[in-house]
1. For residues that are more than 20 Å from A:Gly349 (Cβ to Cβ) and among the hydrophobic types (A, V, I, L, M, F, W, C), scanning just region A:297-323, find the one that is nearest to the chain's Cα centre (by Cα).
2. Check every one of the helices (runs of 4 or more DSSP H) wholly within region A:393-477 and list those with 3 or more residues that are buried (at least 17 other Cβ atoms within 10 Å of the Cβ).
3. What number of residues within region A:146-162 satisfy the criterion of being buried (at least 22 other Cβ atoms within 10 Å of the Cβ) and more than 14 Å from chain B (Cβ to nearest Cβ)?
4. Would you mind telling me which numbered condition in (1) of a type in the set (Ser, Thr, Tyr); (2) at pLDDT below 95; (3) over 15 Å from the mean Cα position of the chain (by Cα) A:Ser188 fails?
5. Could you say whether any residue in region A:50-58 is in a loop (DSSP other than H, G, I, E, B) and of a type in the set (D, E, K, R)?
6. Quick check on region A:22-33. Is at least one of its residues at pLDDT 95 or above, more than 18 Å from A:Leu151 (Cβ to Cβ) and among the β-branched types (Val, Ile, Thr)?
7. Tell me whether region A:25-47 contains one or more residues that are away from chain B (no Cβ under 11 Å), touching a Gly at 6+ places or on another chain (Cβ under 9 Å) and part of a strand (DSSP E or B).
8. In region A:107-142, how many residues are in a loop (DSSP other than H, G, I, E, B) and either under 19 Å from A:Ala37 (Cβ atoms) or out of contact with any strand residue (DSSP E or B) (no Cβ under 7 Å at 6 or more places or on another chain) (or both)?
Amino acid sequence: MQWETVIGLEVHVQLSTNTKIFSGSSTAFGAEPNTQANAVDLGLPGVLPVFNEGALKKAVAFGLAIDADIGKRSFFERKNYFYPDLPKGYQTTQLEAPIVGPGHVDILLDDGETKRVRIHHAHLEEDAGKSLHEDFHGMSGIDLNRAGTPLIEIVTEPDMRSSAEAVAFAKKLHTIVTAIGICDGDMSQGSMRFDVNVSIRPKGSDTLGTRTETKNLNSFRFMEEAIKLEVERQIDVLEDGGEIIQETRLYNGDTKTARSMRSKEEANDYRYFPCPDLLPVVIDDDYINSIRSTLPELPDAKIERFIDSYGLTQYDASVLSATAAMADYFEQTTKICGDAKLAANWCMGELSKFLNQQEIDIADCPISPNDLGQLLARIKDDTISGKIAKTVFQAMTNGEGSADEIIDAKGLKQVTDTGAIEAMVDEVIAANQGQFEELKSGKDKLIGFFVGQVMKASKGQANPGQVNKILKQKMQD
Amino acid sequence: MSLDRSQVETVAKLARLKVEDQELDNYVNSLNSILDLADQLQAVDTEGVEPLANPLDATARLRPDTVTETNQREKLQKNAPQAEAGLFLVPKVID
């Protein structure tokens, strides 16, 4: 049977506020355990939460970025369950009246089509602490620094039909939240975590199958692997005549396996009720518009602009605008070298390759857009070839100086002196008389061999166009 | 609406409350008398009335996003039965 995969996501995004959602403790990552957990975060008796306006603004900014309805009157509720890293015995979250209502995110698929993924809603909530299961005399250690860190949980409609679509959506969401500056986007520190709801159904059916939820995936790769694995499992179960049980599953990225989390059998009875400690949050249009006016250019608008004003393909425009830092780098490089296509190719090619190899962020790149722009300008004005430029780029990454300094110091300037090139062409012809006769008698393929030989003799510095031209003249002689 | 014994047992379990068997009937009766009152309230026609999230006629005051708290770990961990390496220690958590 042909099966169709149906995927919905719940994405937890840590908001990059200075302080926690309901207390003035710092949210900085990497502090000593429990040094950023105060009486409110610990849920000690007699404390009261006070809502952080920074978290509100960031949540509203997200809603505006996905063209959603903003909840003008939202409130917090308590989700009750017991777990040691949840000190109050409940998580403060939103259910009935979330801050962000229905919206949408458009993703670019491999076939070049654009697909709209509907967002059901996004709500504000607090993160839990961390349990450390290393052995402390048979006990677990609890670090509550993360407890109370503001999150938005973004819930999609079941609109994705493959792991590739789910990953494309997750990456687009990453682009949006980092572009508008509400999240640092650092997946390795858990700034974005994904729960994936997966079900399958016979192709053509319009009823949904029973779904499972795989929780807490913290990378795009794990998400993709977990979805593929779960789809295969569900197909096997159904084709063997079995039934899918609605359950929560855990994926282990090291062993590439998943298992059911049976321990939380009663976990779904959370007994939500409005939090009596927190008053409803009421905002008006002026407030929303004041946040709207602080939004930077949104990723979709940026992609459009890159296509329109730089003549980039949709794919190139999407790749370059995936992070604001790369987009800025590309634009500045273009300004210096005056050739957007060339700048695009280098940003996505040599530059990205270098950043990946060194495992550094573009913000820490030793080569500035100005440096790269000047190098590319030398390709543009025929001082060097694209191939030599790669050598110069390499030297620049080693800190050997600016493009011009390196070109001078290493004598890499392209030879454009016709006399000099002609002399080299003559030498190569003299050394390969036989092949030259064959070339003249119509074996056109040999032209590549001769150009190659001349380029080699010039150590890559001859202008290939000129070499070609002179060779053709010699063939006429 | 009314609760039976097994529902009260479930609610107690979810709230991590230990309820002795002989106390259970008492709780079933008490809780049901509260639910009777709720039933009485349910009879009121609330058509067009917005659900009330909070009885106070006030809205949330917001706090500026500025760090105001300092590290109080030492004091706070004095309240804990056990702490080590800066961590609170709890009975082993098994997922």
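1. The extreme case among them is A:Leu298.
2. In region A:393-477, the matching helices (runs of 4 or more DSSP H) lie at A:403-409, A:418-431, A:446-457, A:464-476.
3. Residues that pass the stated criteria total 5.
4. Among (1) of a type in the set (Ser, Thr, Tyr); (2) at pLDDT below 95; (3) over 15 Å from the mean Cα position of the chain (by Cα), the lone unmet condition for A:Ser188 is (3).
5. Checked against the condition, which is being in a loop (DSSP other than H, G, I, E, B) and of a type in the set (D, E, K, R), region A:50-58 yields no hits at all.
6. No, every residue in region A:22-33 fails to be at pLDDT 95 or above, more than 18 Å from A:Leu151 (Cβ to Cβ) and among the β-branched types (Val, Ile, Thr).
7. Scanning region A:25-47, I find no residue that is away from chain B (no Cβ under 11 Å), touching a Gly at 6+ places or on another chain (Cβ under 9 Å) and part of a strand (DSSP E or B), so the answer is no.
8. Residues that pass the stated criteria total 9.
The values are calculated or read from the model by the stated rules, or taken from the named source; none is laboratory data. In this text the structure is predicted, and so the values were computed from the model without any measurement. Cβ coordinates were reconstructed from backbone atoms using ideal geometry, including for glycine residues, and neighbour counts include every protein chain displayed.
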